[in-house]
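Below: one structure, written as structure tokens.
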Amino acid sequence: MTTIAFIGLGNMGNPMAANLVKAGHKVQGFDLIAENLATAREHGVTVTANADAAVKDAEVVITMLPAGKHVVSVYEDIAPKAAKGALFIDCSTVDVESARKAHAIAAKHGLPSVDAPVSGGTGGAAAGTLTFMTGGSDEAFAKAEPILQPMAGRIVHCGGDGAGQAAKICNNMILGISMIGVAEAFVLAEKLGLSHQALFDVASTSSGQCWSLTSYCPVPGPVPSSPANRDYKPGFAAALMLKDLKLSQEAAQASGAVTPLGAEAAQLYALFNAQGQGGVDFSGIINFLRGAAK
Ligand code: NAD
């Protein structure tokens, strides 16, 4: 049994913490929202009055926060108060620069750390099947792996500090671009009088095959589990896709990478969000492309 502090018990953090409790760990949790603390308590998390109390005596500190500024500020606050040698794991999706800043804060206090963003959404968090993309030293990764195990379907060590975040934003840039590509193909098919099922049957076994088509099809019917079948209820909200695409474009600018399709995808999701569609699943972009987001 390991004593784990869990800071940020929102949609993702709460089910992740619950799986750590189920695995036999002592989890000390903190969040700013009372309702989230109540849910955590129901899952067997020992709720604390503040982040400092959660971190006290914890051998591992996990954060699952909205964005880079929250992670850096929480690290600045709690790293000086953490137990000697405590392992810091940040599972939030943040920009690479903030991730590296967080690593540096931990290192300043002699604390090993990994960035470990996830893919798999709230469903994967509840099922304990998240994919973790981790960045950090071999030593820090070796310590983090068994802790992540009860929450994970797959754990990949992507490289040094920030490499997990780099993998996450590259993956989600592919996802944003490919979803728009698949959605455009269905809109064109509609104009040409081709049925959704016919396009799916051909493209799913041809060179157009991709995850956005075969696991997350943006029209109802061919893939019964996709959000299109439940009026685009997320799933993965368009607001989160926009956040990740913006992170990819900031990283592209900072590194000098040329990513014109990533830039276009970010623009399209910005327009979709501006129409008040941020809470809709990101595959709902097909309605925007039809000229009728609903
Ligand atoms: P969320 O908003 O539900 O949870 C974040 C929590 O952090 C909130 O409960 C908030 O109160 C808490 N918080 C903020 N500042 C805090 C502080 N200083 N101290 C303590 N708690 C604080 O968001 P979420 O959906 O759980 O996402 C968390 C992270 O995971 C984000 O970076 C998101 O991009 C990423 N992510 C989300 C999904 C998804 O499907 N929801 C999938 C993959 C990755």
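Tabulated values for the structure
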{"read-out": "Asn36 being part of a helix (DSSP H, G or I), more than 9 Å from the ligand (Cβ to nearest atom) and either touching a residue at least 24 places away in the same chain (Cβ under 8 Å) or within 27 Å of Gly159 (Cβ to Cβ) (or both)", "value": "no"}
{"read-out": "Qualifying residue in the range 172-191 (condition: small (Gly, Ala, Ser) and closer than 22 Å to Met16 by Cα)", "value": "no"}
{"read-out": "Only listed residue being in the same structural domain as Leu130 (by TED's automatic domain parsing), outside any helix (DSSP H, G or I), away from the ligand (no atom under 11 Å from the Cβ) and modelled with pLDDT of 95 or more, chosen from Ala102, Ala79, Ala83", "value": "Ala83"}
{"read-out": "Qualifying position, being surrounded by fewer than 24 Cβ atoms within 10 Å (Cβ to Cβ), of a type in the set (A, V, I, L, M, F, W, C) and in the same structural domain as Met151 (by TED's automatic domain parsing), among Val45, Val72", "value": "Val72"}
{"read-out": "Subset of the range 192-224 [out of contact with any Ser or Thr (no Cβ under 8 Å at 6 or more places or on another chain) and closer than 29 Å to Thr93 by Cβ]", "value": "Gly208, Gln209, Val219, Pro224"}
{"read-out": "Some residue of the range 46-56 being without any contact (Cβ under 8 Å) to a residue 60 or more places away in the chain, under 20 Å from the mean Cα position of the chain (by Cα) and within 15 Å of the ligand (Cβ to nearest atom)", "value": "no"}
{"read-out": "Filtered residues of the range 171-182 (kept if out of contact with any Gly (no Cβ under 9 Å at 6 or more places or on another chain) and touching a residue at least 60 places away in the same chain (Cβ under 8 Å))", "value": "Asn172, Leu175, Met179, Ile180"}
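The values are calculated or read from the model by the stated rules, or taken from the named source; none is laboratory data. Not measured: the values here are computed from a predicted model. Every residue, glycine as well, gets a Cβ built from its backbone with ideal geometry; the counts of neighbours run over all protein chains shown.
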